[in-house]
Amino acid sequence: MWYHWAVVGDLDMRLLRVFVAVAEELHFSRAAARLHVAQQVVSRDVQRLERSLAVRLLDRTSRRVRLTTAGAELLERARPLLAHHDRVRRSVGPSRERLLVGGVATGLVPAGVLDRARRDENGFEYYTRPVAGLDEATRQLTAGELDVAFGVWPEDATVARPLRSRVLCREPLALLLPRHHVLAARPAVEVADLAGVEVCWCAGNQVTADWGDRARALLASWGARAAPAHPAVRGADELAHHVRDGEPPVLTVAGHPAVPGTALVPLAGPVPTVSWSMLRRADDRHPGVTALGRAADEPAPWGRPGRGDRRGPT
């Protein structure tokens, strides 16, 4: 049943954006961190939106935040409204635009795509931000908070209707090992040799929730033991500190940048891979998004092409 709104005046897009952040996080502090504002500002803006709509959108206590019926309906309508608003703003905005690209980590396939696309920057500029995984990328793209996102996602993953996913390449996997590890001197490590071996999956510049799902499934299929989870470790200096003698091997991508004090040894027999994908809005024709697509058409470091674009369900 549709809720009948009693709206006085125009709907403030900024207040609506704040509400969507709170509604998706169901937590005022996390929403404030996501929006880079103080929690008091978030609380004030939600109250202002509720007053303007003359309806309660959230039930909040000291322990939890829940959407009301009206709040749930507004969230459903607000996401496409904000996305359309941002597209209109980009189409008539100033010539120097900022495009937000998610999931670009140092030294990996998406970073190479972005480097090539930056040769075509003309009237726009790319900025990057981390993305926790496909679910987060989908939410941010749909809300207009991102223009493009990259990640290691399942090739058969279903994407939301306004989005399009493109597989860039399939990259072989490798082990990142302390230099004196017994396996470090080998030209390659057979996956069969990992049976019973403890392997870490949550270190490396590529680590996201989706990477973790793929890595744990592969380790289980090889009979390897997934090392206990810990906070994600990224960057050469941090990896050098954690990947040292006495620590388990680390499952990573074959193109991972060099880490001091370690050896990167490819896996073999048969060679396992992960798929790098690019996600964008299907109707986004911005020249910066087009430039990323052209850059993705250039040969990838690992010559296994993907399966092309996939639209969300219609």
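Nothing in this text is a laboratory measurement; each read-out follows from the coordinates by a stated rule. Here the structure is a predicted model, which means the values were calculated and not measured. Cβ sites come from the backbone with ideal geometry, for glycine too, and all protein chains shown count toward neighbours.
Could you give the length gained by full extension between Met13 and Arg285, i.e. 0.36 nm per residue of separation minus their alpha carbon distance, to one decimal place? The partial results should precede the final answer.
On the way: separation 272, 0.36 × 272 = 97.92 nm, distance 2.29 nm.
Fully extending the segment from Met13 to Arg285 adds 95.6 nm.
When the Cα centres of segment 223-292 and segment 108-157 are compared, how far apart do they sit, in Å?
Distance between centres, Cα-based: 16 Å.
Treating the angle as unsigned and between 0 and 90°, give the value, to the nearest 10°, between the Cα long axis of helix 13-25 and the longest Cα principal axis of the chain.
Value to nearest ten degrees: 50.
Helix 209-222: angle to the longest alpha-carbon principal axis of the chain, degrees 0 to 90, nearest 10?
30 degrees
For Arg179 and Asp297, what does the FRET efficiency come to when R0 = 51 Å and r is the distance between their Cβ atoms, rounded to the nearest 0.05? Mind dumping the intermediate values first?
Details: r = 38 Å, r/R0 = 0.74.
Calculated transfer efficiency: 0.85.
Give me the one-decimal nm value for the distance between modelled label points at Ala157 and Ser43, 7 Å along each residue's Cα-to-Cβ direction.
Going by the 7 Å Cα→Cβ label model, 3.6 nm.
Take the chain, connect every pair of alpha-carbon atoms lying under 10 Å apart with a spring to form a Gaussian network, then pick out the residue of Arg79, Arg98, Arg164 with the largest mean-square fluctuation.
Ranking Arg79, Arg98, Arg164 by mean-square fluctuation puts Arg98 first.
Report the dimensions of segment 65-202 along its three principal axes from the alpha-carbon atoms, largest first, rounded to Å.
That works out to 58, 44, 26 Å along the principal axes.
Hey, got the Cα dimensions of segment 13-92 along the principal axes, in Å, largest first?
Extents along the principal axes: 43, 26, 19 Å.
May I ask you to compute the full-extension gain from Thr68 to His230, defined as 0.36 nm times their residue separation minus their alpha-carbon distance, rounded to one decimal in nm?
54.7 nm
What does the highest-first list of 55-65, 238-248, 10-20, 204-214 look like by mean Cβ count within 10 Å? Don't jump to the answer; show the numbers that get you there.
Values: 55-65: 12.7, 238-248: 15.9, 10-20: 17.5, 204-214: 20.6.
Output ranking for 55-65, 238-248, 10-20, 204-214: 204-214, 10-20, 238-248, 55-65.
At His242 and Thr61, where each label point lies 7 Å from the Cα along Cα→Cβ, what is the point-to-point distance in nanometres?
Computed distance between label sites His242 and Thr61 equals 3.7 nm.
For Cys169, what residues show an amide H to amide H distance below 5 Å, using hydrogens built from the backbone and excluding near sequence neighbours?
Here Trp276, Gly306 satisfy the definition.
Can you tell me the length gained on complete extension of the stretch Glu198 to Ala220, counting 0.36 nm per residue apart and subtracting the Cα distance? Intermediate values should be presented prior to the final figure.
Working: separation 22, 0.36 × 22 = 7.92 nm, distance 1.08 nm.
That works out to 6.8 nm of additional length.
Given points 7 Å out from each Cα along the Cα-Cβ axis, report the Ala33 to Leu81 separation in nanometres with one decimal.
Placing both labels 7 Å beyond Cα along the Cβ direction yields 2.8 nm.
Identify which of the listed values of percent of Cα pairs over 24 Å apart was calculated from the structure shown: (1) 65; (2) 60; (3) 47.
Of the labelled values, this structure produces (2).
Mind pulling the angle between the C-alpha long axis of helix 69-92 and the longest principal axis of the chain? Nearest 10 degrees, somewhere in 0 to 90.
Between helix and principal axis, roughly 80 degrees.
Give me the mean projected area, in nm² to one decimal, of the convex hull enclosing the Cα positions of segment 170-273. Please report the intermediate quantities before stating the final value.
Numbers: hull surface 23.1 nm².
Projected area, direction-averaged: 5.8 nm².
Out of all DSSP beta bridges in the chain, what portion is antiparallel? Express it as a percent rounded to 5.
On the way: 31 of 45 bridges.
Here the antiparallel bridges make up roughly 70 percent for the chain.
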